[in-house]
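Asker: Input: one structure, supplied below.
The values are calculated or read from the model by the stated rules, or taken from the named source; none is laboratory data. Everything numeric here is computed off the predicted structure, so don't read it as measured data. Here the Cβ positions follow ideal geometry from the backbone for every residue, glycine too, while neighbour counts run over all protein chains shown.
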Amino acid sequence: MSKPREGGAPAPSLPSRARALADAGAWADVSALLGRHRESIRPHAPTATLYAESLVRTGRASEARTWLESIVPAITRDRSSLRRATVLTGAAYFELGDLASARRWFHDTLELAREDGDEPLVARAMNNLGAVENVQGRRAEAIANYQLAAAAHQRMGSARGLAECYHNMAITFRDLSQLDNADELEQRCVEFARDLPDPRLVALARLGRAEIALRRGDAALAEASARRVARDFANGGDPVREADALRLAGVACTTLGRFDDARQLLDEAVDRTRQHGALLNQAESLRARAELSAAVGRLDDARTDAASALRLFEELRAIDDAAKLTRWIEGLPVE
Amino acid sequence: MLLPLSDSFLEIWHSMANECGLVLESVAAEDTPHGRRALLVIAAGGVEDRLAAATRALRERTDAPLAAVGALPDHRVAAAVVRAGANDYFALPDDLELLKSWVRDGAERLRLRDQGRRFAEGEARKYRFEGILGSSPALEAALARASRVIPYPAVTVLITGETGTGKELLARAIHYDGPRATGPFVDVNCAALPEHLLESELFGHEKGAFTDARAAKPGLFEMANEGTIFLDEIGHLDPSLQGKLLRALQERTIRRVGGTRSLPVDVRVIAATHVDLEAAVRAGTFREDLFYRLNVMPLALPPLRERGPDIIPIARHLLARFAADYDKPVPVLTARAERQLVGREWPGNIRELRNVVERAMILCETGTIDAADLEADVPARRATRGSLPFPARLADIVTAAVVLSLEATGGNKSEAARRLGITRPRLQRLLDHQGEDGEGGSDE
């Protein structure tokens, strides 16, 4: 078998058309267009990699992984495509929940990016490694990677990279209950995101701060902040994140003993997440509503919502959440 | 920049430059390309025998990225032009996509260089030395001292002060007002990581240095090269790392974990701590030689309670800033509110003042902030100020104690558990279950 020619374009207009669609963010169209020419683009590294990216970005991680594993060994000279294909393989494994493989591929990405002086990819790989460590509960390792990613973004002067990295690091510090550090980092994220400007990232960081306020026990601040963020997400046309903010406001109202307000907010959050098929957010909203029902003595409602949330957590393989919720259900008083 | 040696491929250069957001400029063989903000392409379809000489001549006058392009897919041509100084050789039409990829990568690098410069300019505006608010004598003394160190990029600085007094802000002002402003400012929280991770984080590691070291990795010192490294919470540094930091400061070189080579680093070190390092030296937990090496230019930031006249101007400044951030009119502080602000102890210093003012702004619905708006009944926040909530639910007191211990130990769970007199697993259970660890709360 002859060695595939990495640089030769199979059909002159196809790569350009696909690239234009990708630049416009039309990833489903990229995937549909290139999917029709799978075999002809296979030896053409940049286009084959673009197809893989379209699969990852449209949630078809399993197909992306299979495709990437078939094209990566043939990419030898086109280092740019090789680097992109490598990080995409890591991303596909991450989406599929195979964290050990994701970690291995992100390490390979890091090595390639360093060899080639591709600083944005160095930063991205370290950020991804931080995310893997965080999901695996290795928080110190996650912070170590995020700190290196932040330094790389700082070297490049990437305000967006810094904002995203600080937000990720804040989540890890929040999980470690280091709330002052977490809040400080979310504030930095807000500053950079506002300068970009990226209202969505500002809102995400503010939602993070609302969560921190709630953990500090400042439910009044958490509620006001979360309601404001919900409006920002609504204005930005992001109903799923709006629902997440409503959920947090609802939890804050439960803490404050304003149960009617809490019920209204949580009903809305559950409906909204159900409507948009956001399973993790739906599970979290159902769990919050179960806790509200338990607080007001509606134990049957609490059990029903908790059971629905548990099914979703199990479906999503959110093992920690499922285990904690199981214990919570077992702890409900018997009527 | 394009140096055409023949008229082959002329039709592709304009569209390629356009696609990558570059301006196409043709140069003659005898021209000297100016600056480094360019990608050079020598195109020689049909006259590949002239490529190596043209490449060598151009390379002598510039170190910008350079690609040679011909029509012959011949290894000998490729080897000759690369030996002559080209970064790569592309044979068209087969390598057209590879060439586009090379140009795209190069364009991205040029864009990054511009981005880095703009970022540094923006940060310099944000962290202007004159932008530090306050006129109290204690602060002015610290700032006057700091301003003397700014022009000397190799001088190490030690900033001391309680938590929240603005140590990092001052470090950034020193960096961005000084000759290293266009270099990176890398900040490290020394308390955030356990010793074994921090060593590799600071100094990097070589491939195979430990089980997880799949590839060589530069550390933060290398990433801060030509800039500043800010070592926050230096008082938490483990003794074995103190020795390595001392060597880095003395010799201006670092050695990666598992490495044998000394790598030179050109970095200004600014260290900060809220710990009394002299006391730590006396107690034997901090090396005396490192202390003296760090203490070249000590800067002590005063706590907010010693900056009475600064409190209201800072509060008003923050109110105006948050009003803009949250798109609200600037609220008025009542006289009672001002008295309350001035009369408080502020153990969390400016960070605490900022949080209190921001909270009041978010909750404010009347356009006026009164004394009551500056209060918050927050168990965990009170805990971080050094006291536990009481009276309160037992679970709240326990949560606050855990949070307080974690903050005090920089997140070190083992140490926090030791200070609380419980096991690490029990501390984890208390964290997971918000102050409740099940019946009996056994430590075993």
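Asker: I'm trying to understand the selection: among the residues of the stretch A:317-329, which are in contact with a helix residue (DSSP H, G or I) (Cβ under 6 Å, 6 or more places away or on another chain) and either within 16 Å of A:GLY97 (Cβ to Cβ) or without any contact (Cβ under 8 Å) to a residue 24 or more places away in the chain (or both)? Full working, then the answer.
Answerer: Kept after step one, since they are in contact with a helix residue (DSSP H, G or I) (Cβ under 6 Å, 6 or more places away or on another chain), are these residues of the stretch A:317-329: A:321-322, A:325, A:329.
The answer is A:ASP321, A:ALA322.
Asker: Which one is farthest from the other protein chains (Cβ to nearest Cβ) among residues in the stretch B:52-90 that are under 21 Å from B:ALA107 (Cβ atoms) and among the charged types (D, E, K, R)?
Answerer: Residue satisfying both the conditions and the ranking: B:ARG59.
Asker: Can you find a residue that is out of contact with any Gly (no Cβ under 7 Å at 6 or more places or on another chain), charged (D, E, K, R), outside the structural domain of B:ALA335 (by TED's automatic domain parsing) and under 23 Å from B:ARG148 (Cα atoms) anywhere in the stretch B:271-294?
Answerer: yes
Asker: If only one of A:ALA170, A:ALA151 is modelled with pLDDT under 95 and within 25 Å of B:PRO218 (Cα to Cα), which one is it? Walk me through it before giving the result.
Answerer: On the way: A:ALA170 fails: modelled with pLDDT under 95.
Step by step, each of A:ALA170, A:ALA151 is checked, and only A:ALA151 is modelled with pLDDT under 95 and within 25 Å of B:PRO218 (Cα to Cα).
Asker: Any residue in the stretch A:173-194 that is part of a loop (DSSP other than H, G, I, E, B), in contact with a Pro (Cβ under 7 Å, 6 or more places away or on another chain) and at the interface with chain B (Cβ under 10 Å from one of its Cβ atoms)? Spell out how you get there, then give the answer.
Answerer: Just the residues of the stretch A:173-194 that are part of a loop (DSSP other than H, G, I, E, B), to begin with: A:176-178.
In the following step, the residues that additionally are in contact with a Pro (Cβ under 7 Å, 6 or more places away or on another chain) were identified as none.
Taking every residue of the stretch A:173-194 in turn, none turns out to be part of a loop (DSSP other than H, G, I, E, B), in contact with a Pro (Cβ under 7 Å, 6 or more places away or on another chain) and at the interface with chain B (Cβ under 10 Å from one of its Cβ atoms).
Asker: Please count how many residues of the stretch B:84-100 are in contact (Cβ under 8 Å) with a residue 12 or more places away in the chain and not in a loop (DSSP other than H, G, I, E, B).
Answerer: Residues meeting the conditions: 7.
Asker: Just need a number here: residues in the stretch B:161-173 that are in contact with a Lys or Arg (Cβ under 8 Å, 6 or more places away or on another chain) and either over 19 Å from B:ILE350 (Cα atoms) or away from chain A (no Cβ under 12 Å) (or both).
Answerer: Total satisfying the criteria: 2.
Asker: Only residues in the stretch B:364-376 that are part of a helix (DSSP H, G or I) count as the first member; pair them with residues that are among the charged types (D, E, K, R), Cβ under 8 angstrom, at least 6 apart or cross-chain, and list the lot.
Answerer: Cβ pairs passing all conditions: B:ALA371/B:ARG336; B:ALA371/B:ARG339.
Asker: Filter the stretch A:54-104 down to the residues that are in the same structural domain as A:LEU121 (by TED's automatic domain parsing) and basic (Lys, Arg), then identify the one that is nearest to B:ASP94 (Cα to Cα).
Answerer: A:ARG104
Asker: Do you know which of the residues in the stretch A:25-63 that are under 21 Å from the mean Cα position of the chain (by Cα) and part of a loop (DSSP other than H, G, I, E, B) is farthest from the other protein chains (Cβ to nearest Cβ)?
Answerer: Per the criteria, the residue is A:GLY59.
Asker: Within the group A:GLY161, A:GLY157, which residue is more than 8 Å from chain B (Cβ to nearest Cβ), out of contact with any Leu (no Cβ under 7 Å at 6 or more places or on another chain) and buried (at least 20 other Cβ atoms within 10 Å of the Cβ)? Lay out the reasoning, then the answer.
Answerer: Values: A:GLY157 fails: more than 8 Å from chain B (Cβ to nearest Cβ).
Answer to the selection: A:GLY161.
Asker: Of everything in the stretch B:8-59 that's among the charged types (D, E, K, R) and in contact with a Gly (Cβ under 8 Å, 6 or more places away or on another chain), which residue is surrounded by the most Cβ atoms within 10 Å (Cβ to Cβ)?
Answerer: Within the stretch B:8-59, the subset among the charged types (D, E, K, R) is B:11, B:19, B:25, B:30-31, B:36-37, B:48-50, B:56, B:59.
Narrowing the set further to residues that are in contact with a Gly (Cβ under 8 Å, 6 or more places away or on another chain) leaves B:48, B:56, B:59.
Values: B:GLU48: 23, B:ARG56: 15, B:ARG59: 16.
Applying the filter and picking the extreme gives B:GLU48.
Asker: Among the residues of the stretch A:148-171, count how many are of a type in the set (Lys, Arg) and within 20 Å of the chain's Cα centre (by Cα).
Answerer: First pass over the stretch A:148-171, keeping only residues of a type in the set (Lys, Arg): A:155, A:160.
Now narrow it down to the ones that are within 20 Å of the chain's Cα centre (by Cα): A:160.
Qualifying residue count, the stretch A:148-171: 1.
Asker: Looking at this structure, is A:ARG228 in contact with an Asp or Glu (Cβ under 8 Å, 6 or more places away or on another chain) and either under 25 Å from B:ALA324 (Cα atoms) or not in a helix (DSSP H, G or I) (or both)? Break it down into steps so the answer makes sense when it comes.
Answerer: Working: in contact with an Asp or Glu (Cβ under 8 Å, 6 or more places away or on another chain): no; either under 25 Å from B:ALA324 (Cα atoms) or not in a helix (DSSP H, G or I) (or both): yes.
No, not satisfied.
Asker: Within the stretch A:144-161, is there a residue that is under 27 Å from B:GLY116 (Cβ atoms), in contact with a helix residue (DSSP H, G or I) (Cβ under 6 Å, 6 or more places away or on another chain) and not in a helix (DSSP H, G or I)?
Answerer: Yes, because at least one residue in the stretch A:144-161 is under 27 Å from B:GLY116 (Cβ atoms), in contact with a helix residue (DSSP H, G or I) (Cβ under 6 Å, 6 or more places away or on another chain) and not in a helix (DSSP H, G or I).
Asker: Does A:LEU265 meet the test of being on the phi < 0 side of the Ramachandran plot, at pLDDT 95 or above and in contact with a Cys (Cβ under 7 Å, 6 or more places away or on another chain)? Break it down stepwise before answering.
Answerer: Working: on the phi < 0 side of the Ramachandran plot: yes; at pLDDT 95 or above: yes; in contact with a Cys (Cβ under 7 Å, 6 or more places away or on another chain): yes.
For A:LEU265, the condition - on the phi < 0 side of the Ramachandran plot, at pLDDT 95 or above and in contact with a Cys (Cβ under 7 Å, 6 or more places away or on another chain) - is met.
Asker: Then there is this: Among the residues of the stretch B:104-122, how many are buried (at least 21 other Cβ atoms within 10 Å of the Cβ) and more than 8 Å from every other protein chain (Cβ to nearest Cβ)?
Answerer: Summing the residues that are buried (at least 21 other Cβ atoms within 10 Å of the Cβ) and more than 8 Å from every other protein chain (Cβ to nearest Cβ) in the stretch B:104-122 gives 1.
Asker: Residues that are more than 30 Å from B:ARG113 (Cβ to Cβ), of a type in the set (Phe, Trp, Tyr) and within 13 Å of chain A (Cβ to nearest Cβ): which helices (runs of 4 or more DSSP H) entirely in the stretch B:182-293 hold 2 or more of them? Lay out the reasoning, then the answer.
Answerer: Values: elements: B:195-203, B:220-223, B:239-251, B:277-283.
Filter on the stretch B:182-293 gives an empty set.
Okay, residues lined up against (1) buried (at least 23 other Cβ atoms within 10 Å of the Cβ); (2) basic (Lys, Arg); (3) closer than 29 Å to B:TYR176 by Cβ:
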site	(1), (2), (3)
A:GLY97	no, no, no
A:SER101	no, no, no
A:LEU121	no, no, yes
A:ASN134	no, no, no
A:ARG138	no, yes, no
A:ALA170	yes, no, yes
A:ASP180	no, no, yes
A:GLU186	yes, no, yes
A:CYS189	yes, no, yes
